[in-house]
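Pasting in a structure now, in structure tokens, and then I'll have a few things to ask.
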Amino acid sequence: MDRFSRHLSLGKLSCLLGLLAILVFLYPRPVAEACGPEDYSFQGYSFLDPVLLEADSTFGPYFIEFQDLYHSYRSQSAVQAKGNLEEWQEVFCGLVKQEDLSKIIYDSRLDQLQLLRTSIYSKTLPLDFTFAKNSFARHMKLNGCTETIDYLIFAKRCEPHVTASDPWAEAEKDTLAMKRLIKDGRKIFRKTKSNYLRLRYAYQLIRLAHYAKDYPLTLELYDWLLPKIDPVESILYDWILGHKAGALAAMGQQVEAAYYFLKIFKNCPSKRMSAFQSFQVRTDEDWRAVLLLCEDDEERATLYALRAQRRDSRIVEEMKSIYELSPESEQLELLLVREIRKLEKDLLGLEFNDRRRENKRYHNIPRKYAGLNLVRLDSLVRRVIREEKVPRLSLWELANGYLEFLGGDLYAAEKTFQRIRPRLNNEQLEEQLSAFELALKVTSLERMNSVTERKVFDIITQDPSYKKYADFPDFVNDRVGALYARQGHPGKSFRFHYNLRDLMPNPQLDIIDDLLAVCEKEDINLLEEALIIDEQQNSVCNQLLDMKGTKMFADGELEIALETFKQIPLSYRDTFQANPFAERVFDECIHCPPTDTVFFNKAEIIQRIFELEYRGKADLERGADWYYELGTAYLNMSYFGNSWQVLDHFRSGANWRYDKDGVYYLWFAPYDNREYQGLSQALLYFQKAIELATDDELAAKAAYMAARCEHYSWYVSRDCDYSIYSNRIPEPPPSYQTYFRLLRENYSGTQFFQEAIRECRYFEAYAIQ
């Protein structure tokens, strides 16, 4: 057993399974700026559960987060259909099934309904097989509901004119056909005996006029039809009122329209979305006029709540007005939640949020007056608690403690949480308090040591709030990572944000050495152990040594690299083998199929380099051969060679362009991608081979390989304007053609020169210049 494997035998792996899934796989990723996934959304934390506060609310989506409206909008048609079907079912005393109602009302074609009408009117004709088992159809047949089927057929005739297959398309309206339907509907309305169906005909006619954009006719129909209907219990009144409000708004009567939309928003869940979107009050004068139209304090409170949705609203002032009008208003709690969630974005974890710069740049968060907003809201919350007029006082007490926490007064928040916990008699509020207490506990961490590391481990593996709230892993990672960084532990900090493989494209020695220090510890704790174990519960210590040795090797520190590789067990060293010394003169492939029988691990490659360097200096007669082999190895180990993995762990074929110090942007890697494109060492050895060669064939071959090095260096230089997508032969400037000229001028008589012309079209082009 090697010295790092002992950590795996501590009998703790079962405790680590949950932790590893969090620490290794759920790290936040940097915002992408080029290729790769792009995520410009706000990156922060929230531990206020809106579901807890809006569990019985139909207003929730309108007050919690404005962006939630998109999702609510998509489901609004379903809400409307559900309300409609429930009302139909109630009209028929629950004797028909909702799914059967839906089948006929929403899914049937006009011709099917007409066939059903024939059966209902006939005493002998049975129901068609389509509706034979449908409880709604059977009820209408049994009871001779001729007026009902006639209405459903009329509604189906109206349907194409008031719905669109593409909700974003501006469909051309057949206004003449719509006017004919209105004329027919008026006649049927007069003959209809059922008061309920008369209301439904009124809805269809008024809706047709509205969609035809004949707004005066819409109002005329409203005034003519509604008085002729005895009042019944129905959501249709609000639906009809919505069309009247829309017509008034289109005709410039904004105050009356706004008031009607307010009433619909307050009273009708199935039309609440459209009313919310249609409500507009543009001036203070209009606002005062709408306020005068309100019939009671609840309507006035709803009006203030709607104004609170404006971007420039002073939400705390609106909440004060609502509180003074109606302390029991449901909307008051929802606005409280909405503003606290905004303050969470502004202030929660601001000190250690690793995405705070992006949040400010793309979302202007935190807001300029976030601190002042918090003070104002907390002042209102304290007033509400003192006066004890609200139905759920414990919710406001909970909010008071959380606002103290967001404001940075951790001591006061802790005391508030301790004081209110015994008084909570609601399981959901207790769970919410537990989440707040966990956020406080994590934020209160000031220094990482063996004690706090144990606390963090227990939080991640055992705390229910950590598992329930999706933002806790990121919150804990950012907090602990920031503390480790502040204490000079870049490796531990890195592991709380990234997987170890994210470091491979550009290894950082300070991170590697810090993690290796953990590998060396005798008294390693559970949290530290998790940092040096991968997702398969294998130690990464040998991997770290390999990364360090590879980094030192690539940077030319061969002695240190060799000593590092020797610390790795031979069984692990041999998992990667290559032969960079194998000659491939005209075969310039990167991922060549193996043709060699001799392979070396990285330590053996360094030892072979030392051996060749010694031979090159000591054996002048064959020195050119040894230097040529060294040049071949360094060319093959570079970005351009088939053994690039000796010096690097990641290669991107897109990096045929110049970049600063050979470091290229890589979306998932925090330190981007370093490509080892330098060929100075290879050129040095090929130049020595040319100088010492007593055989022109070897000298020609070394010159050709040196020319390749120059050619590659030009591709990634500032001077290169060549595109890899171009069909023209590259034309490097003279400063990058030194060895091509040498080959042409000094070795044109060699067999290798002729072979190079046959095998390399690029060289042929240069040679005939």
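The values are calculated or read from the model by the stated rules, or taken from the named source; none is laboratory data. These numbers were taken from a predicted model, which means no experiment stands behind them. Every residue, glycine among them, receives a Cβ derived from its backbone with ideal geometry; neighbour counts consider all protein chains shown. Side chains included, ligands, DNA and RNA excluded: accessible areas come from the protein's heavy atoms. Shrake-Rupley method; radii C 1.70, N 1.55, O 1.52, S 1.80 Å.
Within a Cβ distance under 15 Å of Leu125, other residues only, what is the Lys/Arg minus Asp/Glu net charge?
+3
How much accessible area per residue does the chain have, counting only protein heavy atoms and a probe of 1.4 Å, in square angstrom?
48
Something else about it: What value, in deg cm²/dmol to 500, does the helix sum -39500 (n - 2.57) over DSSP H runs of n ≥ 4 give at 222 nm once divided by the residues of the chain?
-18500 deg cm²/dmol, from helical runs alone.
Let me ask something else. Taking every Cα atom in the stretch 88-169, find the radius of gyration and the maximum pairwise distance Dmax, and write them in Å.
Considering the stretch 88-169 through its Cα atoms, Rg and Dmax are 13.3, 47 Å.
What does the C-alpha gyration tensor say about the overall shape of the stretch 721-761? Classify as rounded when a/c is under 1.5, otherwise prolate if a/b is larger than b/c, or oblate.
Here the stretch 721-761 falls in the oblate category.
Relative to the longest principal Cα axis of the chain, at what angle does helix 696-715 sit, 0 to 90 degrees, rounded to 10?
For 696-715 against the chain, the angle is about 30 degrees.
Can you give the accessible area of Tyr121, probe radius 1.4 Å, in Å² rounded to 10?
Here the accessible area works out near 100 Å².
Taking a cut-off of 16 Å, what percent of all Cα-Cα pairs in the stretch 128-254 are separated by more than that?
66
I've got another one for you. How high is the relative contact order of the stretch 647-725, given as a whole-number percent (alpha carbon pairs under 8 Å, six or more residues apart)?
Relative contact order, the stretch 647-725: 30 percent.
Could you grab the relative contact order for the chain? Cα pairs under 8 Å, six or more apart, rounded to a whole percent.
Across the chain, relative contact order equals 12 percent.
Please report, to one decimal in angstroms, the Kirkwood hydrodynamic radius of the stretch 589-629 built from all distinct Cα-Cα pairs.
Its Kirkwood hydrodynamic radius stands at 11.7 Å.
Taking the Cα centre of the chain as the origin, how large is its charge dipole in debye, to the nearest 20, when only Lys and Arg (+1) and Asp and Glu (-1) carry charge on their Cβ atoms?
In debye, rounded to 20, the chain gives about 3660.
Continuing with the same structure: Using the Kirkwood formula over every pair of different C-alpha atoms, what hydrodynamic radius in Å results for the stretch 269-348?
With all distinct Cα pairs of the stretch 269-348 included, I get 13.5 Å.
Now a separate question. Classify the stretch 472-600 as rounded, prolate or oblate, taking a ≥ b ≥ c as the square roots of the eigenvalues of its Cα gyration tensor: rounded when a/c is under 1.5, otherwise prolate if a/b is larger than b/c and oblate if not.
prolate
With 13 Å as the cut-off, how large is the P(r) tail for the stretch 632-711, expressed as percent of Cα-Cα pairs?
Roughly 68 percent, once rounded to a whole number.
Here's something else I'd like to know. Run the reach check for Lys191 against lysines, Cα to Cα strictly under 25 Å, same-chain hits fewer than 8 apart removed. What comes back?
Those lysines meeting the cut-off are Lys123, Lys141, Lys156, Lys179, Lys183, Lys228, Lys244.
Return the long-range amide H neighbours of Ile533 (sequence gap of 5 or more, or a different chain), with a cut-off of under 5 Å between placed amide H atoms.
Those lying under 5 Å, H to H, from Ile533 are Val540.
Hey, if you put +1 on the Cβ of every Lys and Arg and -1 on every Asp and Glu Cβ in the chain, which of Val518, Cys158, Asn746 ends up farthest toward the positive end of that dipole?
Farthest towards the positive pole: Cys158.
Just subtract the alpha-carbon distance of Lys455 and Asp296 from 0.36 nm times their residue separation and send over the number in nm, one decimal.
Length difference between fully extended and current span is 51.8 nm.
Under a cut-off of 16 Å between alpha-carbon atoms, report the aspartates and glutamates in cross-link reach of Lys173, not counting same-chain residues fewer than 8 places apart.
Glu159, Asp214
Let me ask something else. Determine which lysines satisfy two conditions relative to Lys688: a Cα distance under 24 Å, and not lying fewer than 8 residues away in the same chain.
Straight-line reach from Lys688, under 24 Å: Lys617, Lys701.
Also: Which one is right for this structure if volume of the Cα convex hull per residue in Å³ is calculated from it: (1) 244; (2) 265; (3) 171?
(2)
Helix 68-91 versus the longest principal axis of the chain: what angle, 0 to 90°, nearest 10, using Cα atoms?
The angle comes out at about 30 degrees.
While we're looking at this one, here's another question. Given points 7 Å out from each Cα along the Cα-Cβ axis, report the Lys360 to Gln253 separation in nanometres with one decimal.
In this crude label model, Lys360 to Gln253 measures out at 5.2 nm.
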